[in-house]
Structure formats: C-alpha cells, structure tokens
Amino acid sequence: MRILALVKRVPAPGARINITEDEQYVDDKNLGHAISPHEECGVEAAVQLIEKHGGEVTVLSMGGAETEEQLRAAVSVGVAKMVLVPTDGSPKDPQETAAALTTAINELEAADGVFDLTIFGNESADSGGFQVGVRIAHALGRPMVNGIKGLELPEEQDRSDEAPDGHIVARREVDSGMEVYELPLPACVGVKEGINLPRYPTMRGRLASKKAELTAIEPSAEAGPGGQAQVRLVSPPEKVSETVLLGNGPDAAPAVVDLLEELGVL
C-alpha cells in the first residue's frame, strides 16, 4: 500500500502567539514549532496501516527550509520518504497551497504510481481553513471525507459483496454515534486529533531521519497566486480568570455557605 501524508509546520500548541507590528505575520522568533496536531495523528494513522498491511508512507509539506525539521520528525516515526515544496516562508492562501501541492502529488505519482490513500489533517492548527485537503481531493478527482476518527483497511474476507474491490473504511463521529464510509481506492481522508496517540520516535528512528534524503519539488509557475487576500491578523482578547479568596480557616465557612446558596447547591 502506498500512502501519502501531508503535514504543516505550525507554532507549538499552547504557545503564546504574538503578531508582528504590520499585522501580517505571526512573530515566531521565540516560538517552538511542530507538526500540526491533526496531521501528526495522520502520520501515525499512515504508519499503523503500513505496519499492518505492508507498503510505505511518503510525507509531503510546503514551506520554508525550516519545514525540513517537521519532515524529518515524521521520518523518525516510520515514514519512508519525505518531500518538500519549498517557498520563501511567506503565508500562502488555501487556493495557492492546494494548487502547488496537487502539482507535486501529480509529479510523484507520475514517477512511482498512484497513492492508494492520501491523508490530511482535518484542519491546520494555525489558520484552521478546512480547505486544502478538500481542494486537492477535488483536483485529483478522488473521494474525500473529513473529520475522521477511525480508519482501517479491511481484510478481503471482511469486505461486503456490495463494496468495490479495494476500499478503505473511515469512521466519523456524530451526535448519534458513528458514520461509516467505504471509500474506493485511491481516496483521501482528513483525520482528527484523537484518532490515535502518536508515538514518540526511537533513537533508531531519529538516526534514520538524519540520513534520509529530502526530495524537493519546486512549485509550478502555472499555479499562480490564489484568489484570496489576507487583510490583517488579529489577536483575540485574552481570557483572564480571577481567583477570589473566601477567607482562611473557620472564618471562611459563612462565605462558602453563601456561595453554595448562590449556586443553588443548598
């Protein structure tokens, strides 16, 4: 099985995000970076599938030279090949990003064959646009389901008579339980954080990632700029929680009773 996992370099989750003075960029001078959490789970899902069924995983990203750090992190947990679509590091809108990545995927498939499964994160942790995976799947002419929390390739004897030969089963959470999709291969899915628990790289994996060869595919000039324009970035107001001391020792008891009455507990 040939699987492609797409990842994005984002500021480490939980970090304090500051905006540059021109309100156009995230000021990341003092920030750590990581693979976007949904996509980290996508890499783990891909590695689990090839461990069970055989094959190899290729990881693809678009960004500046520093994005190599995240690609090598993916290799350290079981990915076989890594590919970068290099940019100058400036933000790209979803339309431009999807066009450049689609061109890269077409080039990879022309050389080595079609990817059976392409895995995206449900959305990136920084921009949260929900667009790139859907745009790429549409451009490739492949079925796509987002919000996936379960993914498996059934054994041949487990396939229903109605299912096409070669399919992936994807599960998506809904209020009433789970929606189950049977997608004919090749297919695309967008997975959500929580589908699995990403593994930590082993020392052997880290050493292998340092030796892995990075393939670069230049963005196609034909793709051109996207149709969306960024106006400015805005930092949301910080939520401040206030702690009130009701008192010390026995003297606090009346205040506690008053609070419980106010909350309707008593």
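The values are calculated or read from the model by the stated rules, or taken from the named source; none is laboratory data. Everything quoted here is computed from the prediction, not taken from an experiment. As a convention, Cβ positions derive from the backbone with ideal geometry for all residues, glycine included, and neighbour counts pool all protein chains shown.
Observations on the model:
- Residue count, the range 227-259 (criterion: without any contact (Cβ under 8 Å) to a residue 24 or more places away in the chain and closer than 27 Å to Gln131 by Cα): 3
- Of all residues making up the range 223-266, the number that are assigned to a helix (DSSP H, G or I) and surrounded by 10 or more Cβ atoms within 10 Å (Cβ to Cβ): 10
- Selection count, the range 46-69, where residues are part of a helix (DSSP H, G or I), under 27 Å from Glu96 (Cα atoms) and in contact (Cβ under 8 Å) with a residue 60 or more places away in the chain: 3
- Criterion: under 30 Å from Lys81 (Cα atoms) and in contact with a Pro (Cβ under 6 Å, 6 or more places away or on another chain) - qualifying residue of Glu218, Glu213, Glu182, Glu193: Glu193
- Pair list, Cβ < 8 Å and 6+ apart or interchain, from the range 106-130 residues that are within 17 Å of Val83 (Cα to Cα) to residues that are among the aromatic types (Phe, Trp, Tyr) and crowded, with 23+ Cβ neighbours inside 10 Å: Leu108/Phe115; Glu109/Phe115
- Against the numbered list (1) of a type outside the set (Phe, Trp, Tyr); (2) in contact with a Lys or Arg (Cβ under 8 Å, 6 or more places away or on another chain); (3) outside any loop (DSSP other than H, G, I, E, B); (4) at pLDDT below 95, Gly133 comes up short only at (2).
- The residue that is nearest to the chain's Cα centre (by Cα), counting only those in the range 29-66 that are at pLDDT below 95 and of a type in the set (S, T, N, Q), is Ser36.
- Summed over the range 67-94, the residues that are more than 14 Å from Thr215 (Cα to Cα) and surrounded by fewer than 17 Cβ atoms within 10 Å (Cβ to Cβ) give a count of 4.
- Which listed residue is in a strand (DSSP E or B) and surrounded by fewer than 23 Cβ atoms within 10 Å (Cβ to Cβ), from Ala15, Ala34: Ala34
- Residues within the range 112-132 that are surrounded by fewer than 23 Cβ atoms within 10 Å (Cβ to Cβ) and of a type in the set (S, T, N, Q), tallied: 2
- Gly150 of a type outside the set (Ser, Thr, Tyr) and under 19 Å from the mean Cα position of the chain (by Cα): yes
- When the test is whether a residue is in a loop (DSSP other than H, G, I, E, B), touching a Ser or Thr at 6+ places or on another chain (Cβ under 8 Å) and touching a residue at least 12 places away in the same chain (Cβ under 8 Å), Asp88 does not pass it.
- Residues that are among the aliphatic types (A, V, I, L, M) and out of contact with any Gly (no Cβ under 8 Å at 6 or more places or on another chain) were ranked within the range 135-151; the one that is surrounded by the fewest Cβ atoms within 10 Å (Cβ to Cβ) is Ala139.
- Check on Ser220, out of contact with any Cys (no Cβ under 7 Å at 6 or more places or on another chain), assigned to a loop (DSSP other than H, G, I, E, B), at pLDDT below 80 and surrounded by 12 or more Cβ atoms within 10 Å (Cβ to Cβ): yes
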